[in-house]
Each structure stands twice: as C-alpha cells, then as structure tokens.
1. Pairs only if they're at least six apart or on different chains, beta carbon under 8 angstrom, first in segment 60-81 and polar (S, T, N, Q), second not in a strand (DSSP E or B); list them, first residue then second.
2. When segment 1-40 is examined, which residues are found to be assigned to a loop (DSSP other than H, G, I, E, B), modelled with pLDDT under 60 and either over 30 Å from Val107 (Cβ atoms) or not polar (S, T, N, Q) (or both)?
3. Name every residue in segment 115-149 that is part of a helix (DSSP H, G or I) and more than 14 Å from the chain's Cα centre (by Cα), in order of residue number.
4. Quickly run through segment 116-142 and pick out the residues that are closer than 17 Å to Leu156 by Cβ, touching a helix residue (DSSP H, G or I) at 6+ places or on another chain (Cβ under 6 Å) and among the hydrophobic types (A, V, I, L, M, F, W, C).
5. What residue, of Ser65, Ser82, is of a type in the set (Gly, Ala, Ser), open to solvent by less than 50 Å² (accessible area, probe 1.4 Å) and not in a loop (DSSP other than H, G, I, E, B)?
6. Tell me which residues, restricted to segment 52-78, are closer than 23 Å to Gly157 by Cα, at pLDDT below 85 and among the hydroxyl-bearing types (Ser, Thr, Tyr).
Amino acid sequence: WIRSRPPITNLYDTFLFIASVGVLVSLVIELINRRRIGLTIAPILGAVVIMLARKYRLTRGSDISETLRRGRRVRVDSAVLSLWITGGQSSPQVGLAVGKIVGNSVVRSRVSRCLRHGIAPLVAQLPAGAHLVIRALPGADRVSSEEWTGRFAQALGLAGVVDKSVDVGITLGDNSHE
C-alpha cells in the first residue's frame, strides 16, 4: 500500500483486488462462525468477480483493428475514441491503444491506468455489443482520470450513446481513414 491507496494499477487489477478482499472476508467469516458459509461463498465470489473482469476487456488484436477500422471516431483533446456497435448481445468491451508516441513505458502505463479509470464509470451505459477502443495521443499524460471521465461522457454523448455531462471541445469524425 503506497500513499494509503490499494495496490491497483488498472481496471483488471481492481477486479482482482475486490475478489481477493471478498475471499479473505469470507474466510474470516468462516473462522468466526465455522458453519461452512465462508467456505461456500469464497470460491464462488472469487470466480464470479474474475469472470466479470475479463468480460469487459477487448484484448484480441483483430477485434481492436476491426473497431478502429469500422467504428465511428470521436476525438477528445489527446485521445480518439472509436466506437463500433457490433449488433450482438454480448457485454460492451473496451480496449486501449497507447503507443510509444505518448511517452516511455512508465508514462504509457500511467496513461493506460488513467484511461481505464476514466472510462470505467461509463462502461455500463454502453449498449450491448459495443466495442470501444481508446487511442491515446501525445499530451494524454497531462489529463487526470476524473477529467477523462467527463470528456468521455461528453464524447459518447455526442455520439448518441450516453448522456452528456461535461462541456469540452470535441470534434466528430467519420469512418474514413486518416
């Protein structure tokens, strides 16, 4: 624990941390009560939370490429959002593209963490079958997670997907290649 914060670096780690704490609490309950309730809850809770973590990640390169090629682009300051509604009934999935142009590996890792935390509150508002890829541009390292949340809400609102809540400068793009 550094700076009184849990050891979380990204959205996936958040799910793992929640699963770990939930399992530990269940085991402590078992030590206190000894009625096998904690032993029943711990593995179920751990498995369900870890499955939820993977459910929202867009990780296959082909899916990310397809979203970047077919999706509607919305530029927000130092990021470009590509949103493609596949028409399926699967959960919305989010992927990141943070290249070397953003900075060295430490900067890219920090930017990825900020982007994940910025989009996390909005994932539930995305329609079923949505694939969203966030491509970071130079200057993305100067924006906090909270600022990203407002900018993403505004951008997705402009795209007609979620309610707009913050007024920022945004330009819409089409499906043509840059």
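1. Thr67/Leu58; Ser78/Leu137; Ser78/Pro138; Ser78/Gly139; Ser78/Ala140; Ser78/Arg142; Ser78/Val143
2. Initially, segment 1-40 is screened for residues assigned to a loop (DSSP other than H, G, I, E, B), giving 1, 3-4, 6-10, 34-36.
Add one more test, that the residue is modelled with pLDDT under 60, and what stays is 1, 3, 6-10.
Trp1, Arg3, Pro6, Pro7, Ile8, listed by residue number.
3. First, pick out the residues of segment 115-149 that are part of a helix (DSSP H, G or I): 115-125, 140-142, 145-149.
Hits for segment 115-149 are Ala140, Asp141, Arg142, Glu147.
4. Scanning segment 116-142 gives Ile119, Ala120, Leu122, Val133, Ile134, Ala136.
5. Ser82
6. Matches in segment 52-78: Tyr56 only.
The values are calculated or read from the model by the stated rules, or taken from the named source; none is laboratory data. Being a predicted model, the structure only gives us computed values, none of them experimental. Every residue, glycine as well, gets a Cβ built from its backbone with ideal geometry; the counts of neighbours run over all protein chains shown. All accessible areas refer to the heavy atoms of the entire protein, side chains included, with ligands and DNA or RNA removed. Shrake-Rupley method; radii C 1.70, N 1.55, O 1.52, S 1.80 Å.
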